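Below you'll find the structure, written out as structure tokens, and then a few comments.
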Amino acid sequence: MPAPRLPDAAPPHELQEALAFLEAYHAETGAPGLAQRRQEVLRGGHLTLSSAELTHGARMAWRHSTRCVGRLPWASLQVRDLRQVTAAPEVFAHLCDHLRAALNGGRILPILSVFGPGVRLHNDQLIRYAGYRQPDGTVRGDPQNVALTGHLQRLGWAGGPGTPFDVLPLAIETQGQVTLFELPADAVYEVPITHPDCPGLGALGLRWHALPVISNMTLEVAGQAFACAPFNGWYLQTEIAARNLADEGRYNLLPAVAQALGLDTSRRRSLWLDRALVELNVAVLHSFDAAGVRIADHHSVTRQFQHFVELEAQAGRTATGRWSWLIPPLSPATTPVWHEQYDDTELKPNFVVQRPAWREQRSACPFLGK
Ligand code: ARG
């Protein structure tokens with residue numbers, strides 16, 4: 001005879017994940033009451049996470065992020081439990097608060113905000129620069145964001161002023177309805193890029209935003225999925241200077257930087273690309289430091305990562321990692337991670353990348369409510 005099923009019982013694998021999470025939560029935090037909590041879950045067929053559990057779950061998700069080299073401060077992540085928030089204007093107000101609280105006058109704090117069911121963001125980060133495809137096929141702005149920019153325009157965005165650094169509006173989806181919101185200037189802090197001894201580099205008019213806030217990853221804790229759980233740390237200068245501003249498929253600025261530096265660009269063997277790359281990295285670190293905005297460098301962050309690995313071992317855990325993501329794109333072999341190997345197992349809780357909203361199959365009326 002099959003066992004009777006409770007009317008609103010969660011599927012068994014979710015229950016198992018819920019129980020496994022509770023075990024880990026109580027073991028790691030030393031919180032009392034595991035047996036009672038287990039009973040509640042088994043009896044009710046469902047786990048309602050407390051704020052404390054959700055907070056620790058989000059911290060574990062960061063600790064388990066195999067692509068992140070900046071995990072040493074995982075336990076300091078502040079979690080804003082906004083699971084009761086499901087209306088777009090309120091979501092937007094909380095996102096603006098998140099941006100201001102995380103910037104914290106430049107002493108950036110890692111924060112994650114968790115919203116309620118039916119909420120998701122179409123932007124992959126809260127702050128992104130538009131990429132406008134020009135008639136001649138080139139892109140003004142960030143080529144990585146051409147698809148997002150087009151999507152937002154189809155949703156009704158009129159477009160920005162047309163600079164290479166136009167901040168995109170947020171597309172907040174709640175219960176299938178999408179609404180656009182322009183971020184207020186006081187929520188988007190940007191750093192102008194200058195070089196300590198090459199004024200020509202400063203004259204290029206480059207800038208980057210202070211906060212990377214990832215908003216396209218689902219937080220999975222205890223068998224539950226939180227689709228809107230944007231989180232931030234602080235930048236590592238290579239992300240901006242060795243990729244965003246440098247990649248040929250991004251802002252592709254190394255030729256302009258080399259020219260500002262007066263390098264001989266006629267032969268690749270002059271290593272002008274490499275020299276321009278180093279000076280652009282110097283410039284980004286110098287500029288963030290001058291603006292009083294926290295930023296990591298690849299030499300210190302990789303040493304901190306080694307420390308994280310040691311602390312995890314002391315706690316009886318294996319720090320997981322994906323080597324190809326952990327090594328920096330500048331001078332990787334000068335950092336300790338180059339010489340190590342890592343176990344790339346994906347543990348839970350964790351963050352899972354979402355499919356972009358514009359790639360989803362949608363029926364008849366795709367953009368209800370704009
Ligand atoms: N690489 C991404 C960017 O350049 C940010 C990823 C998260 N980085 C971080 N330091 N938390 O925007």
- Message: Charges on Cβ only, +1 for Lys and Arg, -1 for Asp and Glu, centred on the Cα centroid of region 114-248; of 215, 178, 231, which one is farthest towards the dipole's positive end?
- Response: 178
- Message: Probe radius 1.4 Å, ligands and nucleic acids left out: which of 343, 289 has the largest accessible area, and how do the rest follow?
- Response: 289, 343
- Task: Roll a 1.4 Å probe over the protein chains and send me the accessible area per residue for the chain in Å².
- Result: 48 Å²
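Can you give me the % of accessible surface on region 270-361 that is carbon or sulfur? Probe 1.4 Å, all protein chains present, nothing else counted. Don't jump to the answer; show the numbers that get you there.
On the way: 2670 of 5100 Å².
The nonpolar share, carbon plus sulfur, comes to 52 percent.
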- Separation in nanometres of the label points that stand 7 Å from Cα toward Cβ, at residue 51 and residue 203: 5.4 nm
- Message: Please compute the length gained on full extension between residue 35 and residue 75, using 0.36 nm multiplied by the number of residues separating them and subtracting their Cα-Cα distance.
- Response: 11.9 nm
- Query: What is the list of residues in region 206-235 whose amide nitrogen lies under 15 Å from a point 7 angstrom out from the Cα of residue 355, following Cα to Cβ?
  - Reply: 218
- Kirkwood hydrodynamic radius (C-alpha pairs) into Stokes-Einstein, region 123-190, 4 °C and 1.567 mPa s, D in µm²/s: 105 µm²/s
- Roll a 1.4 Å probe over the protein heavy atoms and report the accessible area of residue 352 in Å², nearest 10. 60 Å²
- Item | Surface share of carbon and sulfur [accessible, 1.4 angstrom probe, percent] for region 78-210 | 53 percent
- Just need the relative contact order of the chain here, percent rounded to a whole number, with Cα pairs under 8 Å and 6+ apart. 21 percent
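Excluding residue 125 itself, what net charge comes from residues whose Cβ is under 13 Å from its Cβ, given Lys and Arg +1 and Asp and Glu -1?
-2
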- Message: Whole-Hz ³J(HN,Hα) for each residue in region 122-132, computed from phi via Karplus 6.51 cos²θ - 1.76 cosθ + 1.60 with θ = phi - 60°, x for glycine and proline: what do you get?
- Response: 8, 7, 7, 9, 5, 10, 9, 9, 4, x, 9
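Per DSSP H run of n ≥ 4, the term is -39500 (n - 2.57); total these for the chain, divide by its residue number, and report the mean residue ellipticity at 222 nm rounded to 500 deg cm²/dmol.
That comes out to -10000 deg cm²/dmol.
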- Length added when fully stretched, residue 104-residue 186, from 0.36 nm per residue minus Cα-Cα: 28.3 nm
- Task: Principal axes first, then extents: for the Cα atoms of region 179-265, list largest minus smallest coordinate on each axis, whole Å, largest first.
- Result: 56, 27, 24
- Query: Suppose every K and R has +1 on its Cβ and every D and E has -1 on its Cβ; what is the size of the dipole of region 103-183 about the Cα centre, in Debye to the nearest 20?
  - Reply: 80 debye
- Segment residue 250-residue 134, length gained on full extension (0.36 nm per residue, minus Cα span): 40.3 nm
- Based on the Cα gyration tensor of the chain, what are the three equivalent ellipsoid semi-axes, each the root of five times an eigenvalue, rounded to whole Å and given largest first? 39, 27, 17
- Item | Area accessible to solvent at residue 48, 1.4 Å probe radius, in Å² | 100 Å²
- Task: Taking amide H positions as placed in the peptide plane 1.01 Å from N, state which residues far from residue 207 in sequence (5 or more) or on other chains have amide H under 5 Å from it.
- Result: 193
- Task: Using a 1.4 Å probe and ignoring any ligands, DNA or RNA, find the accessible area of residue 165 and quote it in Å² to the nearest 10.
- Result: 20 Å²
- Message: Given the options 302, 127, 111, identify the residue whose Cα lies farthest towards the positive end of the charge dipole of the chain (+1 on Cβ of Lys, Arg; -1 on Cβ of Asp, Glu).
- Response: 127
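The values are calculated or read from the model by the stated rules, or taken from the named source; none is laboratory data. Model, not experiment: these values are computed from the prediction. As a convention, Cβ positions derive from the backbone with ideal geometry for all residues, glycine included, and neighbour counts pool all protein chains shown. Accessible surface is based on the protein model in full, side chains and every heavy atom, while ligands, DNA and RNA are left aside. Shrake-Rupley method; radii C 1.70, N 1.55, O 1.52, S 1.80 Å.
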